[in-house]
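Only one structure is covered here, and it is reproduced in the block below.
The values are calculated or read from the model by the stated rules, or taken from the named source; none is laboratory data. Because the structure is predicted, anything quoted here is derived from the model rather than measured. Cβ sites come from the backbone with ideal geometry, for glycine too, and all protein chains shown count toward neighbours.
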């Protein structure tokens with residue numbers, strides 16, 4: 001891989017961010033390329049008297065694919081290569097509609113994103129090495145949300161925190177354990193999974209004895225307490241100051257560190273055990289803001305997670321089609337929810353103050369791999385190394401298959417389970433690139449998928465379907481309901497526009513399959529499924545996955561126009577912000 005100085009890494013990161021910003025802002029119609037100049041470049045003219053010119057090609061869903069090295073900024077008396085994304089935002093402030101408060105927040109978060117991208121460049125590895133990495137280690141090489149420009153702000157983290165606790169920091173950490181009195185905390189697990197049984201698999205006997213002795217020395221009734229892991233940053237920044245009364249009267253007791261080390265996944269708050277990958281992932285709240293939301297854990301969703309898991313797995317086990325496929329909802333099998341007595345009374349407080357302490361244990365994807373198999377986030381298939389080698393090209397070459405055959409198998413692994421849950425059972429996952437994990441056999445051929453974030457990202461229809469009859473009350477209370485046309489966005493926006501819009505360009509550039517043929521391949525998998533289950537034709541028509549167009553979910557628009565900096569009490573009060581519509585590349 002090419003070596004470079006920190007200054008060069010900073011410029012390269014900036015150059016890529018400028019290109020991404022122009023492409024995504026044009027896609028969301030925040031900025032409008034108004035003409036093509038005599039060099040064949042698209043030109044954006046700004047009210048500040050500045051223009052940006054660049055080479056780009058169009059793609060499915062109305063995508064703009066901007067060549068990073070082609071962007072030129074022209075101001076009165078000056079023309080230069082554009083490698084400063086903050087400068088772009090300030091130049092376009094009027095067009096973006098940024099007031100002073102929002103502009104300041106954007107500069108802050110954009111600078112943090114560029115710093116994270118530069119850190120990634122400093123330790124970048126070639127595709128051939130990435131293909132050999134375990135799932136959690138590969139997560140530390142990825143570049144984040146492909147559509148959102150400000151995708152690694154992690155606001156609340158200091159520079160030291162960002163180096164220590166983010167995926168690109170690649171530094172294993174140990175979690176802090178605490179005991180919380182049952183007056184504040186509640187345990188929830190799958191049937192048969194008591195907290196004692198959970199702890200017996202997650203903590204070694206010596207650690208359990210050490211924690212039990214410390215708790216017995218601190219309180220009169222250790223049996224009245226529930227144990228949970230806490231992120232070390234959250235312990236220092238949130239638990240010590242905000243739960244100070246509970247620490248003082250020993251309703252919360254620190255137990256110490258456990259020896260196992262964890263790596264943060266792309267979501268930052270979910271940690272994977274690297275000393276024993278067979279142990280469960282832990283999802284822990286962090287009072288930081290990244291992309292559009294604060295990264296806490298809703299007490300209600302945390303408590304309901306095992307009920308949601310049990311219900312979804314019950315659907316799978318009763319459905320012969322699902323039971324016979326490698327489609328794995330990664331179970332959120334246990335949780336501890338901890339309430340804050342003071343904030344609990346302020347029902348209209350910003351939602352982040354209701355998401356301060358708790359833990360969810362999730363089954364690790366490694367538990368579902370056969371010998372020789374690997375797991376990689378779907379997002380990893382968008383990765384291109386610094387030598388211009390795409391990870392997906394490396395995998396296809398290793399498989400020995402033609403690109404078209406490999407891609408058909410990817411679609412066959414990914415789509416049928418999602419379609420079955422959606423059409424037959426009225427259940428929509430959120431299969432974006434970080435939530436979806438592709439399972440590969442020993443030859444790097446896709447053979448299945450796993451999906452995660454069940455309690456927070458699964459949505460249902462508003463009507464009463466038969467499968468909803470046995471929905472546990474706690475799960476029913478947290479699973480959001482949306483009309484069919486919005487529930488269809490689980491595939492149209494999260495997968496088609498959110499992932500395939502970017503992936504189709506990589507397939508064309510690195511696998512030699514023209515983009516229209518890629519979309520035909522995906523459509524063929526969906527239509528084959530439709531033909532296999534004609535009894536669901538009414539549902540197919542209602543969801544309209546192959547309609548000529550669908551609403552454009554505009555994540556950058558939501559973030560830049562203030563929606564991402566909200567202080568509302570319910571993070572899910574509204575559906576994602578949409579702006580206009582995009583042509584559906586699967587329509588024909």
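What to note about this one:
- Among the residues making up the stretch 444-459, those that are touching a helix residue (DSSP H, G or I) at 6+ places or on another chain (Cβ under 7 Å) and farther than 25 Å from residue 396 by Cα are 454, 455, 456, 458, 459.
- Filtered residues of the stretch 383-405 (kept if without any contact (Cβ under 8 Å) to a residue 40 or more places away in the chain and either surrounded by 19 or more Cβ atoms within 10 Å (Cβ to Cβ) or farther than 23 Å from residue 521 by Cβ (or both)): 388
- Hey, residue 63 closer than 23 Å to residue 153 by Cβ and modelled with pLDDT of 95 or more or not: no
- Among the residues of the stretch 105-116, just one is within 23 Å of residue 32 (Cα to Cα) and surrounded by fewer than 19 Cβ atoms within 10 Å (Cβ to Cβ), namely 107.
- Selection over the stretch 58-98 of residues that are in contact (Cβ under 8 Å) with a residue 12 or more places away in the chain, closer than 16 Å to residue 16 by Cα and in a strand (DSSP E or B) gives a count of 6.
- Flag for residue 508 being touching a strand residue (DSSP E or B) at 6+ places or on another chain (Cβ under 9 Å), in the same structural domain as residue 419 (by TED's automatic domain parsing), at pLDDT 95 or above and surrounded by fewer than 19 Cβ atoms within 10 Å (Cβ to Cβ): yes
- Of all residues in the stretch 254-269, those that are more than 26 Å from residue 205 (Cβ to Cβ) and touching a residue at least 40 places away in the same chain (Cβ under 8 Å) total 5.
- Taking the stretch 152-200 as the range and being part of a loop (DSSP other than H, G, I, E, B) and farther than 28 Å from residue 566 by Cβ as the test, the residues that pass are 170, 171, 172, 174, 175, 182, 183, 190, 191, 192, 193, 194.
- For the criterion of being within 16 Å of residue 266 (Cβ to Cβ), surrounded by 22 or more Cβ atoms within 10 Å (Cβ to Cβ), modelled with pLDDT of 95 or more and touching a helix residue (DSSP H, G or I) at 6+ places or on another chain (Cβ under 7 Å), residue 138 passes.
- Check on residue 22, crowded, with 22+ Cβ neighbours inside 10 Å and under 27 Å from residue 500 (Cα atoms): yes
- Being assigned by TED's automatic domain parsing to the domain that holds residue 406, buried (at least 18 other Cβ atoms within 10 Å of the Cβ) and either touching a residue at least 24 places away in the same chain (Cβ under 8 Å) or in a loop (DSSP other than H, G, I, E, B) (or both) is true of residue 467.
- Residue 311, sole failed condition from (1) more than 17 Å from the chain's Cα centre (by Cα); (2) surrounded by fewer than 18 Cβ atoms within 10 Å (Cβ to Cβ); (3) over 26 Å from residue 181 (Cβ atoms): (2)
- Leading residue by the ranking (nearest to residue 359 (Cα to Cα)) among those in the stretch 278-294 that are assigned to a loop (DSSP other than H, G, I, E, B) and at pLDDT 95 or above: 284
- Set 337, 359, 375, 380: member being surrounded by 20 or more Cβ atoms within 10 Å (Cβ to Cβ), in a helix (DSSP H, G or I), at pLDDT 95 or above and touching a strand residue (DSSP E or B) at 6+ places or on another chain (Cβ under 9 Å): 380
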